[in-house]
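To keep things clear, I will list the structure first and then write my remarks on it.
The values are calculated or read from the model by the stated rules, or taken from the named source; none is laboratory data. Note that the structure is predicted; figures quoted are calculated from it, not measured. Methodologically, a virtual Cβ is constructed for each residue, glycine included, from the backbone with ideal geometry; neighbour enumeration extends over all protein chains shown.
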Amino acid sequence: MQRLLRQLLAASLVTAGGAAHAAAPSLRCDALPAHPLLGHPLKWTIRAANLPEIPMLQAAQLGSDWLLQNQTAQRSASGPARSLQTLDLTLYPMSAGTLQLPAVRAGALSCPPRTVRIAESPPGQAPRFIAAHVEDANPVVGQATRVDLDVGAGGALDWQPVRAGSDEGLVRSLSTVSTVVRAGGNRVAVQRQSWSFTPLRPGDSTIHFGLLRATPFGQLLVYPLRPLQVQAQPLPAYWPEDAAIGHARLRLERAPHRLELGATGVLRATLEGVQIGRTALLRTLEQANVNSRGLRMYASRLILDPDSAHRLTPVWRIELAFRVTAGGRLAYPQLRIPYYDPRLGAPRLAVADWGALRAHDPRPLRLLEALGLVGSLVLLLALSRACAVATGAWLCRRRWRRIAARGDSRALLRAWQRDQARGAPQAQTLRNWARSLSCGAQPLLQQGLEALIEEQERSHYASAAPGAQAAAVQGRDELAGELG
């Protein structure tokens with residue numbers, strides 16, 4: 001019996017010891033890969049068993065040496081005395097060389113700070129080509145200078161656009177192109193991203209870049225970029241800050257050389273190469289755009305070329321509208337735009353000269369044209385009337401010829417009777433009426449018509465003759481009886 005009790009006691013002690021051993025706390029921090037590279041991710045895993053919950057790490061705890069790209073936490077428990085917590089962090093080194101991961105504490109246990117050596121490239125390979133430079137490291141205030149970032153573009157890399165900015169000036173994105181540069185005697189294919197930087201005050205200016213990112217074959221690469229330093233020079237005290245700065249180029253469009261009095265036109269020019277805003281340029285044009293003899297100039301118009309988004313300085317299209325107010329030879333006004341040339345350190349003047357034009361007064365010529373037009377109309381009307389009269393006479397003669405040729409006595413009598421009905425004095429007898437007929441200026445009576453008239457006279461008067469003779473005989477008989 002005692003032996004059985006001793007065995008049970010020993011078994012309980014063994015079980016209690018195993019449980020105590022299983023619930024022992026532990027903390028482990030692992031970093032992979034063992035030889036990390038700049039631009040590539042570092043996986044940092046923290047495992048805590050049977051310890052209080054570890055809070056999520058903050059970017060401030062990692063410092064400026066690391067970019068905290070991602071962080072996940074998992075926690076599981078198999079009983080009141082058994083728990084497991086895992087933190088997985090994806091970090092990107094912000095520089096090459098020796099970096100340090102911070103210490104991690106959980107309960108009474110901790111992982112000491114860990115030193116990590118970051119290589120710029122795999123052994124035997126050249127570091128990735130990354131170079132940033134500024135075209136003019138000593139611009140004057142208000143002068144636009146070009147900033148380029150060249151990144152090696154080998155393999156399947158397609159770099160995402162990088163942001164750039166500055167607290168001391170204006171930064172504007174220009175373009176991204178693929179090109180080839182020479183580095184160490186070799187030609188390197190790069191992807192070039194460009195910006196325009198305009199310092200706003202003299203002294204040191206810093207251009208900051210965002211992170212350089214690419215995703216070849218689904219893996220994110222992140223590279224840090226060093227800032228650029230620019231030493232801006234002050235402008236001369238006599239030069240306004242908003243006036244044109246740079247090297248101005250004026251391209252002129254051809255102006256008309258002949259115009260009429262009262263006609264309108266537009267002088268066009270393109271200004272490029274200087275940094276100047278719309279308000280300042282309009283003010284400059286108002287001062288330079290003066291009326292010339294015989295030309296009335298109107299308000300200037302400015303159009304920003306759409307291509308300016310990809311140019312170092314804006315491209316302005318200038319339009320100067322005018323009206324011709326006098327005749328003769330007239331000179332176009334010269335457009336003068338002052339600008340400060342940083343290369344010379346002195347003011348310059350860009351001049352636009354469109355030459356001259358000849359304006360003529362069209363009013364005398366138009367009066368002659370109007371008189372000629374009126375004369376032509378009068379002549380046309382006279383010719384039309386003459387043609388109408390001649391045509392009417394020809395149709396009239398043709399009608400009467402056809403009547404005479406057919407011997408159409410009915411048509412002849414109808415015409416005579418119509419004139420009799422209207423009370424025409426010459427229509428008392430057929431002969432007198434026929435003699436009065438005319439087609440135009442020519443008398444109508446002709447041989448064929450004369451024969452038709454004689455025939456009608458014989459027919460008319462012959463039918464009336466027997467009655468007249470009988471009346472005469474009866475009269476004579478009555479007179480003889482009275483005398484007898």
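So the values come out like this:
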{"read-out": "Residue within segment 102-116 that is in contact with a Leu (Cβ under 8 Å, 6 or more places away or on another chain) and among the hydroxyl-bearing types (Ser, Thr, Tyr) present", "value": "yes"}
{"read-out": "Arg146 more than 20 Å from Pro224 (Cβ to Cβ), assigned by TED's automatic domain parsing to the domain that holds Leu225 and in contact with a Ser or Thr (Cβ under 7 Å, 6 or more places away or on another chain)", "value": "yes"}
{"read-out": "Pick from segment 165-182, criterion in contact (Cβ under 8 Å) with a residue 12 or more places away in the chain and over 17 Å from Thr206 (Cβ atoms), ranking: surrounded by the most Cβ atoms within 10 Å (Cβ to Cβ)", "value": "Leu174"}
{"read-out": "Verdict on Pro102 being modelled with pLDDT of 90 or more, touching a helix residue (DSSP H, G or I) at 6+ places or on another chain (Cβ under 7 Å) and closer than 30 Å to Gly63 by Cβ", "value": "yes"}
{"read-out": "Members of segment 319-354 that are of a type in the set (Gly, Ala, Ser) and touching a Lys or Arg at 6+ places or on another chain (Cβ under 9 Å)", "value": "Ala321, Ala326, Gly327, Gly328, Ala331, Ala350, Ala352"}
{"read-out": "Counted residues, segment 50-78 - those being under 20 Å from Ser26 (Cβ atoms) and among the small types (Gly, Ala, Ser)", "value": "4"}
{"read-out": "Strands (runs of 3 or more DSSP E) contained in segment 164-223 and holding at least 2 residues farther than 24 Å from Ala144 by Cα", "value": "169-183, 186-199, 212-214, 221-223"}
{"read-out": "Test for Arg278: is it under 30 Å from Val177 (Cα atoms) and at pLDDT 95 or above", "value": "no"}
{"read-out": "Pairs, first touching a residue at least 12 places away in the same chain (Cβ under 8 Å) in segment 239-267, second part of a strand (DSSP E or B) and exposed (fewer than 13 other Cβ atoms within 10 Å of the Cβ), C-beta under 7 Å, six or more apart", "value": "His257/Arg358; Arg258/Arg358"}
{"read-out": "Within segment 285-381, strands (runs of 3 or more DSSP E) holding 2 or more residues that are free of Cβ contacts under 8 Å to residues at least 40 places away in the same chain", "value": "295-304, 328-331, 346-352"}
{"read-out": "Residue identified as aliphatic (A, V, I, L, M), surrounded by 13 or more Cβ atoms within 10 Å (Cβ to Cβ) and closer than 20 Å to Val222 by Cα among Ala31, Ala60, Ala49", "value": "Ala31"}
{"read-out": "Qualifying residue in segment 154-164 (condition: small (Gly, Ala, Ser), modelled with pLDDT of 95 or more and surrounded by 13 or more Cβ atoms within 10 Å (Cβ to Cβ))", "value": "yes"}
{"read-out": "Condition check for Arg358: exposed (fewer than 14 other Cβ atoms within 10 Å of the Cβ), more than 30 Å from Ala232 (Cα to Cα) and modelled with pLDDT of 90 or more", "value": "yes"}
{"read-out": "Residues within segment 259-284 that are in a strand (DSSP E or B) and closer than 13 Å to Ala359 by Cα, tallied", "value": "4"}
{"read-out": "Close pairs (9 angstrom Cβ cut-off, 6 or more residues apart or separate chains): on the phi < 0 side of the Ramachandran plot and in the same structural domain as Gly97 (by TED's automatic domain parsing) in segment 30-46, in a loop (DSSP other than H, G, I, E, B) and of a type in the set (Asp, Glu) anywhere", "value": "Leu37/Glu120; Leu38/Glu120"}
